Amino acid sequence: PPSGGSPGGRPAFSQGAAPTLRFAAVGGAPLVTFAVAVTGGLLAVAVWHACQRSSPRTWRRFWRFSWWRSGWRSGWRWSRTLAPLLGAAALPATGLLIPVGASASGTATVAIVQGNVPRLGLDFNAQRRAVLDNHVEATISLARQVAAGAVPRPQLVVWPENSSDIDPLLHPDAAARIRAAATAIGAPILVGAVLQGPGPRQVRNVGLLWQPDSGPDLAQLYVKRHPVPFAEYVPMRSLARRVSAEVDRVRNDFVGGDRPGVLRSGPLVAGDVICFEVAYDGLVRDTVTGGAQLLLVQTNNATFNEAEALQQLAMVRLRAVEHGRDALMASTVGVSAFVDTSGRVWDATEFNTAAVVVREMRLSERRTLATQWGVWPEMVLVSLAGAIVVSPVLVRRRKVSEDGAADAEAR
C-alpha cells in the first residue's frame, strides 16, 4: 500500500514461546514465518493423506502398527501420512539447535516507568497533564528508593510513548516537571513526547533524552519514522474527506523522521523505536547496525487492551533474539517488561496499573547472522516460494506439450 501497510499479523510474531523463535537469529522474522508456514503445510499434507484412509478398520490397523505386516505397499501408503507428521515435529525442534544469547560487552542498569493514565480509551489525550504528572511522581518515588538504598541508581530511565503530550520545548511548566524528575533520579530520562512542528498543523512523535544537569539533549532526539496512516496522519486528506468527514478528527498530522533511533547517553548506546515500529524489520535493524547495544520500545497501549499489549511484547521478544540484544518495552499502562537475548520475559508489569521496574541489562555489540544478512533471507525465501508455486505449472505445460507432439506423430 502507498502508506506502508502493517506487518503486525505475521506468523513470526506468534512464536514467542516456541522453539521456532530461535530461527530469528539466522533469518529474522521472514525465516520464522517460513518455518511456521512449512510446518503447517506438512500437517495439512498429513491430514489430507490420513483422510484418504479414514475407514475405522484402517485406523485400527494403524494404531496397532499391523500395517507393517501387511506388506510394503500398505507401509508405503501410510508413510505418506507419517513422513509429513515427523517433518512437522522435526522442523520446529531444529530451532533448539540454534544458539542464542549474545556475549555481553558490559551491563547497564535501566528503569522502566509505567505511570498509567486516569482513564483508558481514546480520550487519554485530554488527560495529558495528569499522564505527565503520573510519570514524574513515579520517577521521584523511584529516586526516594534509590536514596534509601532499596534499588540501584539507574543509568537510564525510560518513559513510554505519550508520557508528555505537552511539548516540553514550548511549555515551561512541562519542562519544569520533567526537570524535577531528572534531577531527583540523577540520571537521563528518555521521554516519550509530542513536539509541535516543523510546519503548521504538524507534530512529531519523539523519544527525547532529558539530561539531569542540562535538560533536553536535542542531539539525542529520535523522531518516529513510520507514523500510522489514518491514526497519526491522514494521507491524501482532501480525497479521504470525500469518503468520510471523520478524517478531520485527526487535527494535526504527525511527520515522520528520517534517522534511525540511535541514542547515546554517555557510554550507553540504545536503539529506540516507537510503538508498532517494532513490527518493521528495517526500522529495528537500522538501530543495531547504527551501533545500538540494547533495544528500547516506547509505546502507549491506553487506547487498546491487554491482548494487544501482549501481542506487541511478542514482537519485542522476536527482535531481541533476532539481533542478539537485550530489549525492553515501556508502556503507559502496561504491559511493560524486559526481554533477554533468548526471548525470555522478565519483570512484566500488570495492565492498567502504575509500576516501576529496574533491571540490569546486558550490552552487546556482536551482530547475529540475521543482522548481517538483512533482507537477503527474505528475498531468497520469496524466490523459493515462487519457484515452488510456478514449477508445477511449467512441468504440466511441458507434459501437455509432449503429449500433444506424441499424438501428432501417431497420426
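Computed from the coordinates by the stated procedures, all read-outs in this text should not be read as laboratory data. Computed from a prediction, not measured in an experiment: that's the story for all the values here. Cβ sites come from the backbone with ideal geometry, for glycine too, and all protein chains shown count toward neighbours.
Using C-alpha pairs under 8 Å with a sequence gap of at least 6, the mean separation divided by the residue count of the stretch 270-319 gives a relative contact order of 44 percent.
Summarising the label geometry, the points placed 7 Å from Cα in the beta-carbon direction at Q52 and R201 lie 6.3 nm from one another.
Under the simplified labelling scheme, the S141-T94 pair shows an inter-label distance of 5.0 nm, with each label point 7 Å from Cα along Cα→Cβ. Relative to the longest principal axis of the chain, what angle (0 to 90°, nearest 10) does the C-alpha long axis of helix 172-185 take? Computed tilt is about 80 degrees.
Give me the angle, in degrees from 0 to 90, between the Cα long axis of helix 24-51 and the longest principal axis of the Cα atoms of the chain, rounded to the nearest 10. Around 40 degrees separate the two axes. Springs join every pair of Cα atoms under 10 Å in this Gaussian network model of the chain, and among G266, G291, G28 the largest mean-square fluctuation is at G266. Shown here for the stretch 226-267: trypsin sites (Lys or Arg not before Pro) in loop regions (DSSP other than H, G, I, E, B) with at most 14 other Cβ atoms within 10 Å, namely R251.
Evaluate the Kirkwood expression for the hydrodynamic radius of the chain, namely the inverse of the mean inverse distance over all pairs of different C-alpha atoms, and round to one decimal in Å. That comes to 24.0 Å for the chain.
Between W376, W210, W159, the residue with the greatest mean-square fluctuation in the GNM of the chain (Cα pairs under 10 Å linked by springs) is W376.
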